[in-house]
Amino acid sequence: MNIFRTLHRSILILFAVVVVSILALAHISISNIVAEQSRAQQQSHSPALKLITEQLMRPLHISQTLAEAQELKRLMAQPQNKEQEIFSMLARLNKEFDLNFFIASEINRVQYDSRGRKIELDEEKVDWYFRYKAQPETAMADIGQWQNPQFYIDLKIFDKDGKFLGVFGVGKSLKGFTEIFSQYKNRYGYDFIFVDQNKDITLTSDIELLVQGATFKNLSDLPWFKILDEQQQNSSLNNLLLPINGQESLIAELNIQPFDWTLYLVTPLESRQTEISRGFMFSIVTLLVVIFGLFLLIYNLLYYFKKDMQKIKQIDILTELANRSNMNLKFDELMYEKQSVSLVLINLDNFKPINDTHGRKAGDIVLRQVAQMLQNEIRSTDFLGRWSGEEFMLLMPNTGPHEAVDLCQVLCKKLSVMMITTGSISIQITASFGISFTAISRPMAEVISAADDALFTAKREGRNLVKMQLIKSD
């Protein structure tokens, strides 16, 4: 299908871009950096991407996935008398993902967490909820719980009608972050500093810079940042060499877009390694940005691909056949592939009296059984769908109009002798067939118009007939 071709081509283009970028960066690295030093430095910096992916992106993706769960939306839509069920779900998620989860319900103004605690959503006590509710963003990363600092990802939850149900969140103790940061610092010798859009330091490997009480330390409080002029402070610090704690250090900067945060890697350098490290850090951070950018591109590409696939996979609920939208897509695909096709409209004769006499339930049974019979009798290459109330459409690729007439005569006859049982009564029904054909690419409306005319002829001449009308040449 077109969507598969689009996805395939997009991924190939992205792959080609990454391959070219990596080859170019490798060439620069080989030209400017001693091979052994390059490998050693790369081994020390590659964990930065792993750290971001595991410690920041993993909670984000877990929370985004769980936020779409029907169980969560059901509980948040009707939380009354379901507190035990809410606590049970949160505890289960905590055990499965080793993260703290919570639900802040807009309906009953209560916050539940995976530790079994319940907090009333009072604006004076739980100001973050009302502050976040008033903001246009649907996702936010934040630091909270000053006594035991936690890194939070909060997602607004809405029902299918767009009604705000509350906030679903994931929390991770900063203690785990600082332990990991400390390990990286001891092993590789550099510091991590994460800052938000206000330049407040949210996460860092320097324990002295962590949030104290309810106050964040700001990047502007750091001695090395203060020595920069105003223009430098408001621009990128990437590849900037600065004296920090008595020795030259190289600053690398990476934007963490999902959180609107910035990561600074502060690497102390020996004087004789300054130029080499400058080139290497540039290569590493650029490669990091390319891979991270690719990750986001593929993530968004698959997200939109999933939405398109959901549309493509739509079926008619009653008959479980392809719906009208799907038939349009299939016809467009055949035209794109330049295949000839016979288009058949199948309209059940005297269907309205069945509904009027036996009720809509009996009519639904007739439609389902007719759909099942037609689906079982058509060829594997044909494509059947429900076009409207009692009308079906059959696409017969690479099938001439006369061959289509012969095949439809068989279907028409089998349908006329079919006995449909709807509870205590049995119903016989016939159908009229209208066939059109195109060997060239045409608009679907033009082909359907000819099939409609043929169907009208079949109805006018007594029903239970197969008629064909070819499209008149211009």
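The values are calculated or read from the model by the stated rules, or taken from the named source; none is laboratory data. Values in this document were obtained by computation on a predicted structure and should not be read as measured data. Note: ideal-geometry Cβ built from the backbone for every residue, glycine included; neighbour counts use all protein chains shown.
For residues that are farther than 19 Å from residue 367 by Cα, part of a loop (DSSP other than H, G, I, E, B) and among the polar types (S, T, N, Q), tally how many sit in the range 413-461.
The total comes to 1.
For residues in the range 332-357 being surrounded by fewer than 15 Cβ atoms within 10 Å (Cβ to Cβ) and not hydroxyl-bearing (Ser, Thr, Tyr), which is nearest to residue 388 (Cα to Cα)?
Just the residues of the range 332-357 that are surrounded by fewer than 15 Cβ atoms within 10 Å (Cβ to Cβ), to begin with: 336-338, 350, 352-353, 356-357.
Add one more test, that the residue is not hydroxyl-bearing (Ser, Thr, Tyr), and what stays is 337-338, 350, 352-353, 356.
Values: 337: 26, 338: 27, 350: 15, 352: 13, 353: 17, 356: 18 Å.
For the range 332-357, the residue satisfying everything is 352.
What's the number of the condition residue 393 fails, among (1) at pLDDT below 95; (2) within 15 Å of residue 341 (Cα to Cα); (3) not in a loop (DSSP other than H, G, I, E, B)?
(1)
Give the range 435-446 a look and list any residue that's within 19 Å of residue 411 (Cβ to Cβ) and either out of contact with any Lys or Arg (no Cβ under 9 Å at 6 or more places or on another chain) or not aliphatic (A, V, I, L, M) (or both), or say none. Quick ask: steps written out before the conclusion?
Initially, the range 435-446 is screened for residues within 19 Å of residue 411 (Cβ to Cβ), giving 435-437.
Those that are within 19 Å of residue 411 (Cβ to Cβ) and either out of contact with any Lys or Arg (no Cβ under 9 Å at 6 or more places or on another chain) or not aliphatic (A, V, I, L, M) (or both): 436, 437.
Among what's in the range 245-284 and is of a type in the set (Gly, Ala, Ser) and either closer than 19 Å to residue 185 by Cβ or modelled with pLDDT of 75 or more (or both), pick the residue that is farthest from the chain's Cα centre (by Cα). So that I can check it myself, show each step before the final result.
Looking only at the range 245-284, we keep the residues that are of a type in the set (Gly, Ala, Ser), and these are 246, 249, 252, 271, 277, 279, 283.
Now restrict to residues that are either closer than 19 Å to residue 185 by Cβ or modelled with pLDDT of 75 or more (or both): 246, 249, 252, 277.
Numbers: 246: 48, 249: 40, 252: 31, 277: 39 Å.
Ranking the qualifying residues of the range 245-284, first place goes to 246.
Any residue in the range 86-103 that is within 11 Å of residue 66 (Cβ to Cβ) sitting within a Cβ distance under 6 Å of a residue that is buried (at least 18 other Cβ atoms within 10 Å of the Cβ) and of a type in the set (Gly, Ala, Ser)? List the pairs, counting only those 6 or more apart or interchain.
90/114; 101/114
Need a quick list: helices (runs of 4 or more DSSP H) entirely within the range 70-169 having at least 1 residues that are outside the structural domain of residue 198 (by TED's automatic domain parsing), in contact with a Cys (Cβ under 6 Å, 6 or more places away or on another chain) and modelled with pLDDT of 90 or more. First the steps, then the outcome.
Numbers: elements: 70-77, 83-97, 127-134.
Counting at least 1 such residues, we get no helices (runs of 4 or more DSSP H) at all.
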